[in-house]
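I have placed the structure first, in the form of structure tokens, so that the comments after it can refer back to it.
The values are calculated or read from the model by the stated rules, or taken from the named source; none is laboratory data. These numbers come from a predicted model, not from an experiment. FYI the Cβ positions are ideal-geometry reconstructions off the backbone, even for glycines, and counts take in every protein chain you see.
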Amino acid sequence: MCGIAGVIYRNGSRAVGRDMTRMLQSMKHRGPDSTGYALYGPVTELVIMRYTLADANDPRDFEFAERLRRSNREVEARLAELGAEIVESEQETEYAFRLAFRYDGELKTIADFVEDIPRCEVLSLGRSLEIVKDLGDAESVAHQYRLDGFEGTHAIGHVRMATESDVDISGAHPYWAYPFSDVAVVHNGQLTNYWQWKRRLERAGHRFQSMCDSEIIAVYLAEKLANGSSFEEAMRESLDDLDGVFTYIAVTADALGVAKDEMAAKPLVLYEGDDLVALASEEIAIRAILDREIDTYDPYEREVLVWQR
């Protein structure tokens, strides 16, 4: 079933981590297995990388801890080998890490070189985007990663019910649009031409971390953007190229957009106010962050809507 949500503030930064947690927690019944966030803070000169070196389901013992220490030292060594200057280094959980560093090269080079380390998975790379995802509901994930204090301009989120794959972090949304900086996607639905697009994008040099069809949307948008399409153009083109029943929310460093397929069978409600735009699979999620009477509406079939921050 799953649930998706997005919010963008019209007037600067707000407590986006807290607000997205409230939205996602209100839809816990749609997906209790994992929760994910794509959060956008102020654009900085530093590149921010979030990555994991194990899965949340891996058994813990002394050997596990020692392997993680060795792997994380290797991540930092590989960054230094590429000329990156690490400014901040933080281990957020037993298996999840965050680095901020100065780097002027291509992010794809970083991702490919680092992910060559066994069991290393880069969740996001960018100068604004930070993807956080883990097992459990929104409140437990937000507490674990201290997200209530995250200030930013916009965000998307996802609560997942694992129906066709394992309950693990690699199957959780959002997905970073590798290798395009600061682009991410959450999705509710199913793509019926998944394998066709996966093979086509792999031949073009893209890599995939999961067997989830939602990751196809993220990488599809990345390729379109890299080839010169605008964000809105790429989303509109996706309605012709991607088959299935789906609603997805995509974000860049300065925009948030939603697209619905021609059947519009997957639910989404939308609120537009003077101070913010909020959208979610259920109206209860929007009401979780607004303490006033609101009017919402459903986007139409084949509709694409984009808001700039």
(Q) Tell me which strands (runs of 3 or more DSSP E) are completely within the stretch 1-119 and hold 1 or more residues being among the basic types (K, R) and surrounded by 15 or more Cβ atoms within 10 Å (Cβ to Cβ), or say none if there are none. (A) 47-52, 96-102
Q) Of V47, V75, V122, which residue is of a type in the set (A, V, I, L, M) and over 19 Å from the mean Cα position of the chain (by Cα)? A) V75
Q.
Condition (residue is under 19 Å from S140 (Cβ atoms) and charged (D, E, K, R)) applied to the stretch 1-15: is it met by at least one residue?
A. no
Q: Could you tell me which residue of the stretch 219-241 is farthest from Y178 (Cα to Cα), considering only residues that are modelled with pLDDT under 95, in contact with a Phe, Trp or Tyr (Cβ under 7 Å, 6 or more places away or on another chain) and crowded, with 19+ Cβ neighbours inside 10 Å?
A: Y220
Q. Within the stretch 274-304, can you find the residues that are out of contact with any strand residue (DSSP E or B) (no Cβ under 8 Å at 6 or more places or on another chain) and either in contact (Cβ under 8 Å) with a residue 24 or more places away in the chain or surrounded by 14 or more Cβ atoms within 10 Å (Cβ to Cβ) (or both)?
A. D274, I284, R287, A288
Q. Checking M1 against (1) touching a strand residue (DSSP E or B) at 6+ places or on another chain (Cβ under 7 Å); (2) aliphatic (A, V, I, L, M); (3) modelled with pLDDT under 90, which test does it fail?
A. (1)
**Q.** Test: residue in the stretch 177-188 that is in a loop (DSSP other than H, G, I, E, B) and surrounded by fewer than 19 Cβ atoms within 10 Å (Cβ to Cβ)
**A.** no
Q. Restricting attention to the stretch 91-105, which residues are under 20 Å from the mean Cα position of the chain (by Cα) and under 24 Å from V43 (Cβ atoms)?
A. E92, A96, F97, R98, L99, A100
